[in-house]
1. Do you know which of the residues in the range 81-102 that are in contact with a Gly (Cβ under 9 Å, 6 or more places away or on another chain) and among the aliphatic types (A, V, I, L, M) is most open to solvent (accessible area, probe 1.4 Å)?
2. Of everything in the range 58-102, what is in a strand (DSSP E or B), of a type in the set (D, E, K, R) and within 21 Å of residue 4 (Cα to Cα)? Give them in sequence order.
3. Going through the range 178-190 one residue at a time, which ones are in contact with a helix residue (DSSP H, G or I) (Cβ under 7 Å, 6 or more places away or on another chain) and under 21 Å from residue 38 (Cβ atoms)?
4. Does residue 141 fit the bill of being assigned to a helix (DSSP H, G or I), under 21 Å from the mean Cα position of the chain (by Cα) and at pLDDT below 90?
5. For the range 198-215, which residues satisfy the criterion of being touching a helix residue (DSSP H, G or I) at 6+ places or on another chain (Cβ under 7 Å) and at pLDDT 90 or above?
6. Of all residues in the range 115-132 being touching a residue at least 40 places away in the same chain (Cβ under 8 Å) and open to solvent by 80 Å² or more (accessible area, probe 1.4 Å), which is farthest from the chain's Cα centre (by Cα)?
7. Being within 15 Å of residue 308 (Cα to Cα) and open to solvent by 100 Å² or more (accessible area, probe 1.4 Å) is the filter here, so list the residues in the range 264-282 that pass it.
8. Please verify whether residue 55 is open to solvent by less than 40 Å² (accessible area, probe 1.4 Å), on the phi < 0 side of the Ramachandran plot, outside any strand (DSSP E or B) and at pLDDT below 85, treating the condition exactly as stated.
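The values are calculated or read from the model by the stated rules, or taken from the named source; none is laboratory data. All figures in this text were calculated on a predicted structure; none of them were measured in a lab. All Cβ positions, even for glycine, are placed from backbone atoms using ideal geometry, and neighbour counts span all protein chains on display. The accessibility values were calculated without ligands, DNA or RNA, using every heavy atom of the protein model including side chains. Shrake-Rupley method; radii C 1.70, N 1.55, O 1.52, S 1.80 Å.
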Amino acid sequence: YRQLIIDRVDPVAIAWVIPCPATERSGEVNDRYTFLLYVPEPCRCPEDSPNRPEAIRERVRRVYSSCRNLCEDVHDIVILDRIPASVTAEITIEGPDPAESVLARLLFELGNFLAPEPRRRSFRTLLDEGRSKEEIFRGVSVANGFFDPSELRPKDGEIRVQDLLRVLTGDPAVRAVRDIAVRVGETGTVHGVNATIGVAAEQILQLDARATASGELTGLRLIRHGRAVRVDSQRVERELSRLWAAHRRLYPVAAELGEETPRGTYRELDEYYSLQNQFPKVYGIGPYGVPPDASKARLGQARQLKGY
């Protein structure tokens, strides 16, 4: 479901599907799901645009309903609140790469760690890696490129500043990082290197790259050969936009495959004899149904089994 929603609903960069277990007190039934959606850009569009929040929710509902398992349904569809997070640190760099390229890479990696967006891969790339067609097409049928399941991480309930430190030191141009801190919200709490930042279920942290990419060096301060490096903020923004565009690139599968597109076999399903007619009466799914005094939960269970 996560891959289908990301693949087929354009503004959604990442989605999570959370089961909603039934409780005896609520009288609800199992197999309902809450969909959490991360939409990176706020919608500034006309009322008839397909990218309005209400339209996005409806598109997600349609995609899910067209492919859902029997007896499953939507509990809620939530577009996550984007909470700005700015990172400050003094970073010593080395090597020949321009400072603007290094800073853009760091901002990209931090942003993709806080709000992880899976990268699509082309059919030809997977073939070149030695994958068989059977392996490539196993599972979800995608239209705009293939996902690596390992990139579909669970949603973080908390983020450690130490993890962001590791993201920075993972860049080959970074030699050392000092005084890292994270501010959550426009005027929120500043978290030091040993802190853990809690993230509510309906929220996601989004890197405020504008502040850290400014020419005033108030965010990620680069040091080379013992001296502060001034960066061209416009070049940083252009390089950062290029990195995100490459990461979000689509690979239309039908165009890649051409004549190789697999064809299904049509089956006539108008006439059938339901298996439910063979169940004992105690299941409550035959012509007699459940007893008149059955609870709503028992009726729901019978209908769920009957639908299945």
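1. Filtering first and then ranking leaves 83.
2. Step one: list which residues in the range 58-102 are in a strand (DSSP E or B), which gives 73-79, 81-93.
Next, only the ones that are of a type in the set (D, E, K, R) stay: 73, 76, 81-82, 90.
Matches in the range 58-102: 73, 76.
3. Within the range 178-190, just 182 meets the criteria.
4. No; evaluated as a whole, the condition is false for this residue.
5. 205, 206, 207 - these are the residues of the range 198-215 that are touching a helix residue (DSSP H, G or I) at 6+ places or on another chain (Cβ under 7 Å) and at pLDDT 90 or above.
6. My answer is 124.
7. Taking the range 264-282 first, the residues within 15 Å of residue 308 (Cα to Cα) are 272-279.
If the condition is that a residue be within 15 Å of residue 308 (Cα to Cα) and open to solvent by 100 Å² or more (accessible area, probe 1.4 Å), then 272, 273, 275, 278 are the ones that fit.
8. no
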